[in-house]
Amino acid sequence: MLKFLLAFAGLLVAVNQSVTAANPTSTSASASLRVATFDVDATPPIGSLMAYDPVTNHWDLRLRARGIVLLGAGEPIVLCAVDWIGIANGGHDAFRETLARAGGTTADRVAVQALHQHDAPICDFSAEQILKDAGLDPRQFAGDFHRELLSRLATALRESLPRAQPVTHLGLGEARVEKVASNRRILGPDGKVRATRYTATKDAALRAEPEGVIDPMVSLVSFWNDERPVAVLSYYATHPQSYYRTGIPNPDFPGVARFFRQLAVPEALHVHFDGAGGNLGAGKYNDGSATNRLVLAERLADGMRRAWESTQRQSIAPGDVGWSLESVALPVAKHLSAEKLEAQLNARESGFNASRLAWVQRCRAGHKIDLTCLRLGTARILHLPGELFVEYQLAAKAARPDRFVAMAAYGDYGPWYIGTAVAYEEGGYETSPGASNVAPEVEGVLMAAIRKLLREP
């Protein structure tokens, strides 16, 4: 009888282990904090259209969609960074919903951010549908490849869950990045923008202008299984272009820097996020020469290295992890009219007009943007939409000087540029009718939500 009971007990243990492996988000599997990592090739095929140009070759570093799943602190939390110029409107909804289903969680616990490289795809399923309904070619918004990537991304995420690693410690580090970011908006004596210093600036006089308002810090958040790093998340605010319109998909200098750090710490997946860099670029330090890509990548990678070396570790448990959500209605730019945009669908930039039309229609229907904050011990990680001005990032850090604050922008790309209230009075490209889909009142809406997200739970 004793042998029978022991054998039966062993069978129960084996069955329980099998069930846990098959359902890694179950209660028994979630008794401790764990992290799963996923990484998928996001490079479009030759002949397909990126945001601006068709793909002609594949010789460069390929585009990635990579991220993490945090398990054991309530429902799973998914963070994903994609080497695309932007994921907007219905496309952003689809990414969050697909990853949520794959991760066994809800879409409001998923953050999807683009890195905004320009030799890369753009995704907006709402714009695609508008163009198809009008009998027009969806061109860069044709979604076949985007949906195929979503399928592979979901598979990779699901398959990562049984391989999730325990998380015993959180690492936090930061360092100054030298001679990469500079402010794009050059003001004149009247306080108005007199010139825009784009990410590749051939004008030596504009490059000689002061660096301007930036956030020079790269922030690193790492997850550790005892002494072994499992994942490293980095955050740095700037437009990510060195040169582009090459026809060759590539992750530009942030992707090269990420690759260097992946080689330096190969046991951990390195995931990079673009911060609030809407009004920042490498223009002061970049004349567009092809050789500058390596120079900028090495400078960013050096900052990442020093942030890694300065990392301070702290023990972390499920109770130290939280997820906060604020859903906000962003004010639509006053110059935008659904009727005018519909009439302009046949124009040369019909695809982008369709994306703007989708944004207006969604806002009119009451759509809200989800702003989220991940609490990790003493760290707060914010996830925001659009091409956000750096002032939002600096204000968030100033609001909680007692906490390690990092920000990922370029979530839902529907708003395009999001300036501060005063920036709309200053003029310049970023806040012009052709670049921003929101009104100046956006600052009050976003800052109120950011401050609320940063409060202690």
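The values are calculated or read from the model by the stated rules, or taken from the named source; none is laboratory data. Worth saying up front: this structure is predicted, and the values here are computed from it rather than measured. Neighbour counts run over all protein chains shown; Cβ positions are idealised from the backbone, glycine included.
Summary table
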{"quantity": "Some residue of the range 39-59 being in contact (Cβ under 8 Å) with a residue 40 or more places away in the chain, assigned to a helix (DSSP H, G or I) and not β-branched (Val, Ile, Thr)", "calculated": "no"}
{"quantity": "Cβ pairs under 7 Å, 6+ apart, first in the range 160-173 and in contact (Cβ under 8 Å) with a residue 40 or more places away in the chain, second hydrophobic (A, V, I, L, M, F, W, C) and assigned to a loop (DSSP other than H, G, I, E, B)", "calculated": "Val167/Leu33; Val167/Ile316; His169/Ile316; Leu170/Ile316"}
{"quantity": "Selected residue [surrounded by fewer than 19 Cβ atoms within 10 Å (Cβ to Cβ) and small (Gly, Ala, Ser)] from Ala264, Ala237, Ala231", "calculated": "Ala264"}
{"quantity": "Subset tally (residues that are buried (at least 22 other Cβ atoms within 10 Å of the Cβ) and of a type in the set (A, V, I, L, M, F, W, C)) for the range 429-446", "calculated": "3"}
{"quantity": "Residue within the range 353-367 that is in a strand (DSSP E or B) and surrounded by 14 or more Cβ atoms within 10 Å (Cβ to Cβ) present", "calculated": "no"}
{"quantity": "Test for Leu446: is it of a type outside the set (D, E, K, R) and assigned to a strand (DSSP E or B)", "calculated": "no"}
{"quantity": "Close pairs from the range 129-144: first free of Cβ contacts under 8 Å to residues at least 12 places away in the same chain, partner surrounded by 14 or more Cβ atoms within 10 Å (Cβ to Cβ), Cβ under 8 Å, at least 6 apart", "calculated": "Lys132/Pro138; Asp137/Leu131"}
{"quantity": "Odd one out for Arg152, checked against (1) within 23 Å of the chain's Cα centre (by Cα); (2) surrounded by fewer than 22 Cβ atoms within 10 Å (Cβ to Cβ); (3) in contact (Cβ under 8 Å) with a residue 60 or more places away in the chain; (4) closer than 17 Å to Val55 by Cβ", "calculated": "(4)"}
{"quantity": "Candidates Ala114, Ala120, Ala200, Ala181, filtered to the one that is surrounded by fewer than 20 Cβ atoms within 10 Å (Cβ to Cβ), in contact with a Phe, Trp or Tyr (Cβ under 9 Å, 6 or more places away or on another chain) and under 19 Å from Asp252 (Cβ atoms)", "calculated": "Ala200"}
{"quantity": "From Lys334, Lys284, residue being in contact (Cβ under 8 Å) with a residue 24 or more places away in the chain, more than 22 Å from the chain's Cα centre (by Cα) and closer than 30 Å to Leu61 by Cα", "calculated": "Lys284"}
{"quantity": "Enumeration of residues in the range 110-156 that are assigned to a loop (DSSP other than H, G, I, E, B), out of contact with any Ser or Thr (no Cβ under 7 Å at 6 or more places or on another chain) and of a type in the set (A, V, I, L, M, F, W, C)", "calculated": "Leu115, Ala120, Ala134, Ala142"}
{"quantity": "Considering residues of the range 321-351 that are touching a helix residue (DSSP H, G or I) at 6+ places or on another chain (Cβ under 8 Å), at pLDDT below 90 and among the hydrophobic types (A, V, I, L, M, F, W, C) only, the residue surrounded by the fewest Cβ atoms within 10 Å (Cβ to Cβ)", "calculated": "Ala347"}
{"quantity": "Conditions (1) modelled with pLDDT under 95; (2) not in a loop (DSSP other than H, G, I, E, B): number failed by Glu456", "calculated": "(2)"}
{"quantity": "Positions within the range 411-433 being more than 23 Å from the chain's Cα centre (by Cα) and either modelled with pLDDT under 95 or not aliphatic (A, V, I, L, M) (or both), in sequence order", "calculated": "Tyr424, Glu425, Glu426, Gly427, Gly428, Ser432, Pro433"}
